[in-house]
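Participant: Have a look at this one.
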Amino acid sequence: MSILRSPIPRPALVYALAGLLPFLACTVLVFLRGDDTQVAVTVEALYAAVILSFLGGARWGIEIPRQVPRAGVVTLTMMPSVLGFATALWTMSGDQGTHAASGLGILAVLFVACSVWDVTSRDVPDWYPRLRIALTLCVVILLGVSALGVLLG
């Protein structure tokens, strides 16, 4: 079945789309420019780190059932959570303008890296790359818009 014709299972699609709501809410709050802007950026960065951890965990779950899990792949599955957490901390530290904006940008790059891995992998279900491309585009746009809002604010 073609990757573009393979249906995405409804539960995966519904929960994936629902997972975009916190990103959207935080981006909207950044542009309201109230006292909660810093909180919105912090929440968005922490949520991004959680989702990156989830993506790494999904890849861990694909690799671990192998008779002999590949050490390099298992190591790579840990990178989204470690780098996402470190970047979230960076986003919350220092100058809330440049640190926040650069941190959100780094998080966007991490999402792209995870998506590239998923899209090019032969180990994932045939519908998964399609879902990951769509979600990654949405997340990257929302993180980028939030970073822009921080810089303009």
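Only the coordinates and a few stated rules stand behind these numbers; no lab work does. Everything quoted here is computed from the prediction, not taken from an experiment. Here Cβ is always computed from backbone atoms with ideal geometry, including for glycine, and neighbour counts include all displayed protein chains.
Participant: I need the full set of residues from segment 79-111 which are touching a helix residue (DSSP H, G or I) at 6+ places or on another chain (Cβ under 6 Å) and of a type in the set (A, V, I, L, M), in order please.
Facilitator: L83, A88, M92, A100, A101, L104, I106, L107, A108, L110
Participant: So, of the residues in segment 59-89 that are free of Cβ contacts under 8 Å to residues at least 12 places away in the same chain and part of a helix (DSSP H, G or I), which turns out to be farthest from the chain's Cα centre (by Cα)?
Facilitator: Of the residues in segment 59-89, the ones free of Cβ contacts under 8 Å to residues at least 12 places away in the same chain are 61, 64-72, 75, 82, 86, 89.
Going one step further and asking which of them are part of a helix (DSSP H, G or I), we end up with 61, 71-72, 75, 82, 86, 89.
Details: G61: 17, A71: 24, G72: 21, T75: 18, V82: 13, A86: 14, L89: 15 Å.
Selected residue: A71.
Participant: Then there is this: How many residues does segment 4-16 contain that are assigned to a helix (DSSP H, G or I), in contact (Cβ under 8 Å) with a residue 12 or more places away in the chain and loosely packed, with under 15 Cβ neighbours inside 10 Å?
Facilitator: Within segment 4-16, the subset assigned to a helix (DSSP H, G or I) is 10-16.
Subset that is in contact (Cβ under 8 Å) with a residue 12 or more places away in the chain: 12-13, 16.
Filter once more, so that each one left must be loosely packed, with under 15 Cβ neighbours inside 10 Å: 12.
Summing the residues that are assigned to a helix (DSSP H, G or I), in contact (Cβ under 8 Å) with a residue 12 or more places away in the chain and loosely packed, with under 15 Cβ neighbours inside 10 Å in segment 4-16 gives 1.
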